[in-house]
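Some notes on the structure that comes next.
The values are calculated or read from the model by the stated rules, or taken from the named source; none is laboratory data. Keep in mind that what you see is a predicted model, and the values were worked out from it rather than measured. Using ideal geometry, Cβ is built from the backbone for each residue, glycine included, and neighbour counts are taken over all protein chains shown. Keep in mind that these areas ignore ligands, DNA and RNA; they rest on the heavy atoms of the full protein, side chains included. Shrake-Rupley method; radii C 1.70, N 1.55, O 1.52, S 1.80 Å.
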Amino acid sequence: MCGIVGYVGPRQAAPIIMDGLRRLEYRGYDSSGIALLNGHGLDVRKAAGKLSVLADELEGTDTSGTIGIGHTRWATHGAPTTPNAHPHVDQSGRIALIHNGIVENATAIRKALIARGHEFTSETDTEVLAHLVGELYEGNLEEAVAAALRDVEGAYGIAVICAEEPDTLVAARNGSPIILGVGEDEWFIASDPSAILEHTRSVVYLDNGEMAVLNRDGYRVRTLSKRHIDKPVNQIEWDLATIERGGFEHFMLKEIFEQPESVENTMRGHLLEETGDVRVYGLKLSDEQARRINRIIITACGTSWHSALIGKYMIEELARIPTEVEYASEFRYRNPIVTEGTLVIAISQSGETADTLAALHEAKSRGARTIGLVNVVGSTISREVDGGLYLRCGPEIGVASTKAFTSQVAALALVTLRFARLGPMTAAEGRRYIDALSKLPAQIREILDRSAEVEVLAERFADATNALYLGRGVNFPVALEGALKLKEISYVHAEGYPAAEMKHGPIALIDENMPVIVVAPRDAVHGKIVSNIQEVRARGGKVIAIVNQGDDEIARLAEATFIVPETLDLLTPILTIIPLQLFSYYVALRRGCNVDQPRNLAKSVTVE
Ligand code: M6R
């Protein structure tokens, strides 16, 4: 969502903060701002639009100051205008505050402050919080922030500075991530490690209800009620190259091409070839505990929800455990039934998605055992689940999720095998799956080597204004994911459907201008999908089919085909999604869209 960076140390803060914001721009990019303390009071600069607008405004001006905070915004309260951009200052103009999250009781606080003479210049909840801190300030910023936060309901990650305390930066967290970076005689605050990785790999993760007080001599962590907390310093394992484009035009393309390695990394160390089993200690489920699981609920949002659907097919087919998939945002508000023996799996690339986190809390409060399939190490979901599996696919910066999806499906395959081998799956069958899983990275590479074919297809269909994606069985969620990718980055309206559902309504949309992308590997439902393709052709629809080698039947019917290597039916999504990711990328490129920063979106959605 929004990006937060702060700096205290001997160096000039502005370039460090602006570089950090550049790395965080994928989290929100509709406006930005920076506040510096330079010995002559508070210097606040803000601009609507991309970060480059702010950078242009700073260019050639005095940006001195060795302590400061900066923010890139994804609008929640109020339009993305300069007045609504962060930092916001208090009534006296001496305190500046940046914020990620939503203050839920902002309207009530705003009303009370107005009654006491406060005037506001923005529509944001953040300005309300800045004024509240200012009103409570009696010469001690740390205490003013703590007092204000005791009155606040909702989620926040904040950083605050004050002209009267030019050596202090206060940060706090409740729901929205804040990390503290520990350098050599310098300290950082960020909402995401990528902002500060250039300067330090040593980080402290703040937990909910905690505050960090940074000054030129070091830092302390405390609760709102002043209890000191000793926090461990963790080491970030990624290196800088993983968060740079490395010669690719866009992060999305780089991440699509990383999938042979990222899928391999997800599975590394987990596959036991000889026994046809998997070793996933992170799940923290003994054989006995795993055998007691009699129902699984998988909860997630967006792309992660699509991988969850694939997980359902896998788990029910191979482990024979009834599995439901729930949108996290629905699960938490619908009084879900969680019985003894229910396992709740939360899937999230970022590990910070507010809806998924809330669903996890709901599940835990009802006594469910929980596991997380999460990419970002140290993220909130990864720390709150009972056990889990890191995807280990490296930082995903492109707003459209790609490599996280294939890694999620691979991780779900591991979870499935863990349960299946305790149940109906024989060692021989297990070995077949392990063998097929180990071949996937090379098979993904084969597809990527033919990306130029997809580029040609995208060229042909880039002017379409609608697209239909069809798939059956385990490739129905792939159709959903393909459609989501196209919508997100090229703004072409696209729908995903189970192929047989088409005749119950969507078929009315089909004409000669409608590309219909059919995911049709040679699997158990292949014959059925051939009939669905015929139905599309009969209405003049143009079929692009994702098929296996030698599928002459579909080749005869389709306008164009793209061949993917064969694998076991349940693992086909890891291959069939790759051409669809490439297709949406190349269509977006042809349409002149901003692939890595599509309009209205943000990478990690930390508000409800
Ligand atoms: O970080 P998460 O996996 O929890 O994020 C969930 C969704 O917000 C995310 O997958 C979103 O749909 C992506 N933009 C899809 O490309």
#### Entry: Separation of the GLU249 and LEU58 label points, Cα + 7 Å toward Cβ, nm
2.9 nm
## Note on the structure
Nearest 10, in degrees from 0 to 90: the angle of helix 302-314 to the longest Cα principal axis of the chain is 40 degrees
#### Entry: Debye log10 I(q)/I(0) at q = 0.09, 0.13, 0.19, 0.21 Å⁻¹ for segment 450-600, Cα point scatterers
-0.24, -0.50, -1.12, -1.37
### Apportionment of accessible area to carbon and sulfur, the chain, percent (1.4 Å)
48 percent
### Task
Over the Cα atoms of the chain, compute the convex hull volume and normalise it per residue, giving Å³.
155 Å³
### Query
What accessible area per residue, rounded to a whole number of Å², is obtained for the chain using a probe radius of 1.4 Å?
37 Å²
### Task
Once you have the Cα-Cα distance between LYS439 and ILE337, take 0.36 nm times their residue separation minus that, and quote the gain in nm to one decimal.
32.8 nm
### Query
Which percent, to the nearest 5, of DSSP beta bridges fully inside the chain are antiparallel?
60 percent
### Task
Any chance you could check the Cα centroid distance between segment 57-103 and segment 356-429 for me, in angstrom?
36 Å
### Message
Given R₀ = 56 Å, what would the calculated FRET efficiency be for THR426 paired with HIS228, taking r from the Cβ atoms and rounding to 0.05?
### Response
0.50
### Message
Placing +1 on the Cβ of each Lys and Arg and -1 on the Cβ of each Asp and Glu in the chain, which of GLN91, THR465, TRP74 has its Cα farthest towards the positive end of the resulting dipole?
### Response
THR465
### Message
Based on alpha-carbon centroids, what's the gap between segment 121-164 and segment 539-590 in Å, whole number please?
### Response
53 Å
### Message
Under 8 Å for C-alpha pairs, at least 6 residues apart: give me the relative contact order for the chain, rounded to a whole percent.
### Response
12 percent
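Taking K and R as +1 and D and E as -1, what net charge do the other residues with C-beta under 12 Å from the C-beta of ARG369 add up to?
Spelling it out: positives minus negatives among the neighbours equals +3.
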### Task
Largest first and in whole Å, give the semi-axes of segment 115-171's equivalent ellipsoid, each being the square root of 5 times a Cα gyration tensor eigenvalue.
18, 14, 11
### Message
If you average the C-alpha positions of segment 227-266 and of segment 482-509 separately, how far apart do those two centres end up, in angstrom?
### Response
32 Å
### Query
What base-10 log of the normalised intensity I(q)/I(0) is obtained for segment 515-608 from the Debye formula, alpha carbons as equal point scatterers, at q = 0.10, 0.12, 0.13 Å⁻¹?
-0.35, -0.49, -0.56
### Task
Two decimals is fine: what's Rg over Rh for segment 355-419, C-alpha atoms, Kirkwood radius as Rh?
0.98
#### Entry: In degrees, nearest ten, helix 354-365 long axis to first principal axis of the chain (Cα)
80 degrees
### Query
Any idea what angle helix 427-448 forms with the longest principal axis of the chain, computed on alpha-carbon atoms, 0 to 90 degrees, nearest 10?
70 degrees
#### Entry: Overall Cα dimensions of segment 245-449 - principal axes, largest extent first, Å
50, 41, 25
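Any of LYS50/LYS231; LYS254/LYS439; LYS50/LYS542; LYS46/LYS403; LYS403/LYS542; LYS50/LYS284 with alpha carbons more than 32 Å apart? Name them for me.
LYS50/LYS231; LYS50/LYS542; LYS46/LYS403; LYS50/LYS284
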### Message
Below 15 angstrom from the Cβ of THR168, what's the summed charge of the other residues (Lys, Arg +1; Asp, Glu -1)?
### Response
-4
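Pop the C-beta distance of TYR281 and ILE114 into the FRET formula with R0 = 35 Å and round what comes out to the nearest 0.05.
Efficiency, rounded to the nearest 0.05: 0.05.
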### Query
Dipole size in debye (nearest 20) for the chain around its Cα centre, Lys and Arg Cβ +1, Asp and Glu Cβ -1?
1240 debye
### Message
For segment 3-236, place one equal point scatterer on every Cα, skip the solvent, and apply the Debye formula. What is log10 of I(q)/I(0) at q = 0.12, 0.18 Å⁻¹?
### Response
-0.56, -1.39
### DSSP beta bridges in segment 450-600 [antiparallel fraction, %, rounded to 5]
0 percent
## Note on the structure
Calculated from DSSP helices alone, with each H run of at least 4 adding -39500 (n - 2.57) and the total divided by the residues of the chain, [θ]222 nm to the nearest 500 comes to -10500 deg cm²/dmol
